[in-house]
Amino acid sequence: MSTRTLLVSLLQYKAWANEELFTEVRRIDPHSQGSELHAALRILNHIHVVERIFAANLQGLTHTYSATNTPETPALEALHLEVQNLDRWYLDYVATFSNEQLAERITCRFTDGDNGCMSREEILLHLVTHGGYHRGAVGRIMAQLDLPPPRDIFTRFLHQHEPQRRLA
């Protein structure tokens, strides 16, 4: 399997996991569980801001973020739409590069002022793992509210999208 093929699969998984989680977060009651919903939205917004920062870095553009979250908390539906659009952008982006181009290093400046240098493939892998880590934190909030979080694991994604993998 090529690096690009694996990254496409991982980015498809990330988009699927985001959809699963946004669907389930809607079950958090904004009236009786408002503080928990706000905490979940802050985490989801953090994931999104980091992904926007790296999208700018990958394109050689300057981003306007001075932190990895925004002062304001977006509404669930607005954030969901932005996440969907950015997930599509990342899938389109990775499809345009060869394995050699994905290995090229990008220099950037992090929001804390430190310089960074990562290959395109390292950036994309970072976004997959970063999002998974923080989706887990939102899942923890849901579990504390007795709302089962989605099972957003890679193996579940693979077997749902390619059921023939279950055939031995």
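Peptides 26-35, 41-50, 146-155 ordered by packing proxy, namely the average of other Cβ atoms within 10 Å per residue, highest first: 41-50, 146-155, 26-35.
Along its principal axes, the stretch 94-168 has C-alpha extents of 42, 37, 17 angstrom, given from the largest down.
Mind running the shape call on the stretch 11-83? Use the C-alpha gyration tensor, a ≥ b ≥ c as the square roots of the eigenvalues: rounded below 1.5 for a/c, prolate if a/b tops b/c, oblate otherwise. Because a/c hits 1.5 or more and a/b fails to exceed b/c, the stretch 11-83 counts as oblate. Backbone geometry of the stretch 131-140 corresponds, through the Karplus equation with coefficients 6.51, -1.76 and 1.60 at θ = phi - 60°, to 3J(HN,Hα) couplings of x, x, 4, 6, 4, x, 5, 5, x, 5 Hz, x marking Gly and Pro.
What FRET efficiency comes out for Leu6 versus Asp146 if R0 is 35 angstrom and r is the Cβ-Cβ distance? Round to the nearest 0.05. FRET efficiency, Leu6 to Asp146: 0.45. Within the stretch 27-82, the GluC sites (Glu not before Pro) that combine a DSSP coil assignment with at most 15 other C-beta atoms in a 10 angstrom radius are Glu72. Here is the list for the stretch 44-142: chymotrypsin sites (Phe, Trp or Tyr not before Pro) lying in DSSP coil, each with at most 15 other C-beta atoms within 10 angstrom of its C-beta, are Tyr65, Phe110. Couplings for the stretch 45-52, taken from phi via the Karplus curve 6.51 cos²θ - 1.76 cosθ + 1.60 with θ = phi - 60°, read 5, 4, 4, 5, 4, 4, 5, 5 Hz in order; Gly and Pro are left as x. Shown here for the stretch 101-168: GluC sites (Glu not before Pro) in loop regions (DSSP other than H, G, I, E, B) with at most 15 other Cβ atoms within 10 Å, namely Glu104.
None of the figures in this text is laboratory data; all of them are computed from the coordinates on show. Only a predicted model underlies this, so the values are computations on that prediction, with no experimental measurement involved. Neighbour counts run over all protein chains shown; Cβ positions are idealised from the backbone, glycine included.
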